[in-house]
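See below for the structure under consideration.
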Amino acid sequence: MIQRGMLKREEVSLQSIRAYLKNHPEQCDEVLRSNPSYIFFEQRMQSATGSLGIVLEKERSVAVDRKNIPLGMPLYISTKDPLSDEKIQKMVFAHDTGGAIKGESRIDIFFGSTEVARQKAGKMQEELELWMLVPNDYLSNRK
């Protein structure tokens, strides 16, 4: 959308993308289908389920790059809440993956399914410190 002049880089967020597509419905399908990272969801009776096959837990489940962090791995993160600037320092778990998540210390936090969660997810671009908690023999047995 930036390359097509629809949005400026500094104004891109989940909210600005949704607003643009709402105001330009004729462009919606083309924009969504042109993004290989866009995920189409299906309605289910249970809450969101991650790549690990378990229901995602609000502010405890994160999506990771499996090339760097194995699914199920416990992680400790330090970052800031994108709405309040309060510190977030907690244990989370690698329960999911994502096409746009690339790199050793790149994660997406599952904030939940509420409107506030949607706002947090849309604005989250904070710096992150991440520690992967591994058993003593994990690194020596890794191929």
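The values are calculated or read from the model by the stated rules, or taken from the named source; none is laboratory data. For clarity, every value in this text was computed on a predicted model and none was experimentally measured. All Cβ positions, even for glycine, are placed from backbone atoms using ideal geometry, and neighbour counts span all protein chains on display.
Scan GLY72, GLY112, GLY53 and give me the residue that is outside any strand (DSSP E or B) and crowded, with 17+ Cβ neighbours inside 10 Å.
On inspection, the qualifying residue turns out to be GLY112.
Look through the range 75-101, keep the residues that are under 15 Å from MET124 (Cβ atoms) and small (Gly, Ala, Ser), and return whichever of them is surrounded by the most Cβ atoms within 10 Å (Cβ to Cβ).
GLY98
Only one residue in LYS102, LYS120, LYS90, LYS80 is under 23 Å from LEU52 (Cβ atoms), of a type outside the set (A, V, I, L, M, F, W, C), assigned by TED's automatic domain parsing to the domain that holds PRO70 and at pLDDT 95 or above, so which one is that?
LYS90
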